[in-house]
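Heads up, the thing below is written out as structure tokens.
No value in this document is a laboratory result; all are computed from the given coordinates. Predicted model only: the values in this text are computed from it and were never measured. When we count neighbours, we look across all protein chains shown, and the Cβ atoms used for this are built from the backbone with ideal geometry, even at glycine.
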Amino acid sequence: MTDAHALAGRVVLVTGANRGVGRGLASAFAAAGANVVVTARDEVAGMQVVDEITARGGTACFARCDVTVRADVDAAVATAGATFGGLDVMVHNAVSVHSSEPCELAAAPLELWDEHAAVSLRGAYSCAVAAYPHLRDRNGCLLLLLSPAGINGSMHSPFYAAVKGAQRAFVKSLSREWGPEGIRVNGLAPLAITSALEHAFTVNPGMQERLTRIVPLRRFGDPATDIGPAAVFLCGDDARYVTGQTLVVSGGRLTSL
Amino acid sequence: MSRPSEVALVSDEDTQVGGAIAHALRAAGVDVRTEVDAAPDGLDLAVYSRVARAAFPARPLVTVDEQGWIDGAEQPVRDFVAWMKAVYQPLARRRGTVVLIAPTASQEGAAGLVPYTAAVEGQRLLAKSVARQWAERGITVLTVAPRLDAVVDVDAIGATDATRTDPSLGADSYEPDAVARVVLMLRDPSARVLTGTTVPVDGGALLAP
């Protein structure tokens with residue numbers, strides 16, 4: 001259960017918060033007392049997340065944001081300032097809509113790499129640079145959502161693994177730049193149930209059992225109740241001495257870090 | 001001693017490490033090409049030694065503009081993707097080996113080099129993934145990780161802490177020639193069992209994992 005005061009009064013912005021892990025993170029941050037800026041390209045789905053949070057007594061607002069567009073990221077950060085008075089935590093979670101599609105490198109178009117890079121890498125760059133003045137002034141933190149694929153590689157998703165690996169180096173290097181200014185930079189690598197995975201389980205009988213068998217805890221993580229609390233920890237005061245790290249939250253699936 | 005008509009490709013001979021590798025391969029009797037098109041009969045070895053020069057000089061991320069980010073972080077991975085696609089068929093013909101040169105700075109992180117380290121680690125994770133994907137086709141994919149100062153003149157690229165971890169051995173253990181000698185070892189067919197791994201040539205600095 002999330003500590004209802006762990007992030008009391010803090011302002012957290014989450015990209016790609018309209019579904020899946022991002023939605024769960026937004027919910028967990030709100031449950032920890034944060035004021036949450038839900039951002040996504042899909043305004044309808046984003047507003048549903050805001051409504052869910054407010055219905056549970058939390059505080060949230062929506063900012064439409066395509067992370068590949070720097071002006072959108074700047075505007076979302078400005079919304080945090082205008083609505084909640086600043087920004088303490090920037091969370092970059094959004095990934096390409098093609099991230100879960102298998103990809104054969106020899107046949108893959110370079111444009112598919114461009115799509116992954118624009119969302120995951122340029123998005124990370126824009127989120128970091130846009131949030132920097134706020135994070136510097138408030139001893140804030142930047143959190144990037146990584147993946148076990150970005151640590152061990154992925155046979156089926158080489159571009160996804162590449163951008164997640166690149167983000168991990170981004171975390172390590174930027175933590176060294178921003179540490180002296182009191183800004184922490186970390187990564188969280190979850191193994192979580194997502195809407196895409198749920199759909200795959202529905203259309204592929206036996207897939208869920210086959211995949212969960214290789215997870216020691218025998219299930220995929222729930223974005224709000226399993227992954228979210230780990231993110232709250234990394235962004236809260238209990239992790240005040242943690243920076244440049246990757247926290248793997250995979251039910252024990254990945255142990256080779 | 002070279003195996004019969006062994007053919008290798010070295011992507012960028014004008015780099016410190018690329019030049020040393022090409023020289024060492026030729027000294028070992030290997031037929032070294034510089035263009036994929038020059039190897040119509042296939043490749044036994046393909047070495048990617050390009051340096052992402054657009055990511056230098058070292059500077060704080062907040063001073064890098066968006067085009068600088070694209071050129072320094074995203075384009076180098078795109079270039080590696082394109083190169084890997086190009087060498088796939090020649091390598092498949094000879095069940096060859098890919099060696100990516102990826103300095104250890106990407107594993108350790110380095111202030112002033114966020115775009116560069118992101119690019120290199122993106123390349124390294126692509127190599128790991130492709131090692132899994134191409135294994136059944138007989139292609140081996142390896143990464144050799146030198147210290148950054150084997151790849152560029154660190155004193156000339158601006159303020160960074162990329163070489164902060166001291167090596168256990170002397171400088172001759174991580175110079176370009178040392179990197180080249182390891183690449184020569186890895187072209188042996190017995191190195192196939194190492195596919196997907198990263199071999200550090202940093203004089204015993206990082207000692208990871």
| message | Under 18 Å between alpha carbons, and skipping anything fewer than 8 positions from A:Lys164 in its own chain: which aspartates and glutamates qualify? | response | A:Glu101, A:Glu104, A:Glu111, A:Asp114, A:Glu115, B:Glu74, B:Asp79, B:Glu108, B:Glu121
| query | Given H placed on each backbone N at 1.01 Å, which residues far from B:Val32 in sequence or on other chains put an amide H within less than 5 Å of it? | reply | B:Ala8
| field | Unit Cα scatterers, Debye sum, the protein assembly as shown: log10 I(q)/I(0) for q = 0.08, 0.11, 0.12 Å⁻¹ | value | -0.46, -0.85, -0.99
| request: Please identify the helices of chain A, taking whole runs of DSSP H, that span at least 20 Å along their own axis as judged from the Cα atoms and have a mean Kyte-Doolittle score of 0.5 or higher. | output: A:70-84
| For chain A, what is the largest minus smallest coordinate of the Cα atoms on each principal axis, given in angstrom and ordered from greatest to least? | 47, 37, 37
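So how do B:Ser106, A:Ser96, A:Ser195, A:Ser256 line up by other beta-carbon neighbours within 10 Å, fewest first? Before the final figure, lay out each step's value.
Working: B:Ser106 30, A:Ser96 21, A:Ser195 12, A:Ser256 8.
Lowest count first: A:Ser256, A:Ser195, A:Ser96, B:Ser106.
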| Pair-distance profile P(r), taking every C-alpha pair of segment A:1-67, with 10 angstrom steps and integer % | 27, 57, 15, 0
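Nearest 500 deg cm²/dmol is fine: what mean residue ellipticity at 222 nm does the protein assembly as shown get from its DSSP H runs of n ≥ 4 alone, each adding -39,500 (n - 2.57), divided by its residue count? Don't skip to the end; give the middle numbers.
On the way: 17 runs with 186 residues, N = 466.
Helices in the protein assembly as shown give a 222 nm mean residue ellipticity of -12000 deg cm²/dmol.
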| message | In 5 Å bins starting at zero, report the fraction of Cα pairs in segment A:52-200 per bin as a rounded %. | response | 2, 9, 17, 19, 19, 16, 10, 6, 2, 0, 0
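At 25 °C and 0.890 mPa s, grab the translational diffusion coefficient of chain B from Stokes-Einstein with a Kirkwood Rh over Cα pairs, rounded to a whole number in µm² per second. Spell out each step's value before the answer.
Details: Rh = 17.1 Å.
This corresponds to a translational diffusion coefficient of 143 µm²/s.
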| field | Candidates A:Leu135, A:Leu188, A:Leu110, ranked by Gaussian network fluctuation over chain A, Cα under 10 Å, top entry | value | A:Leu110
| task | Could you tell me what fraction of 2.2 N^0.38 Å the Cα radius of gyration of segment B:28-127 comes to, as a two-decimal ratio? | result | 1.22
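Determine Rg/Rh for segment A:42-132; Rg is computed over alpha-carbon atoms and Rh is the Kirkwood hydrodynamic estimate from the same atoms.
Result for segment A:42-132 is an Rg/Rh of 1.05.
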| field | Centre separation in Å (Cα based) which lies between segment B:5-20 and segment B:70-133 | value | 16 Å
| message | Inside 10 Å of the C-beta atoms of A:149-157, what's the mean count of C-beta atoms belonging to other chains? | response | 5
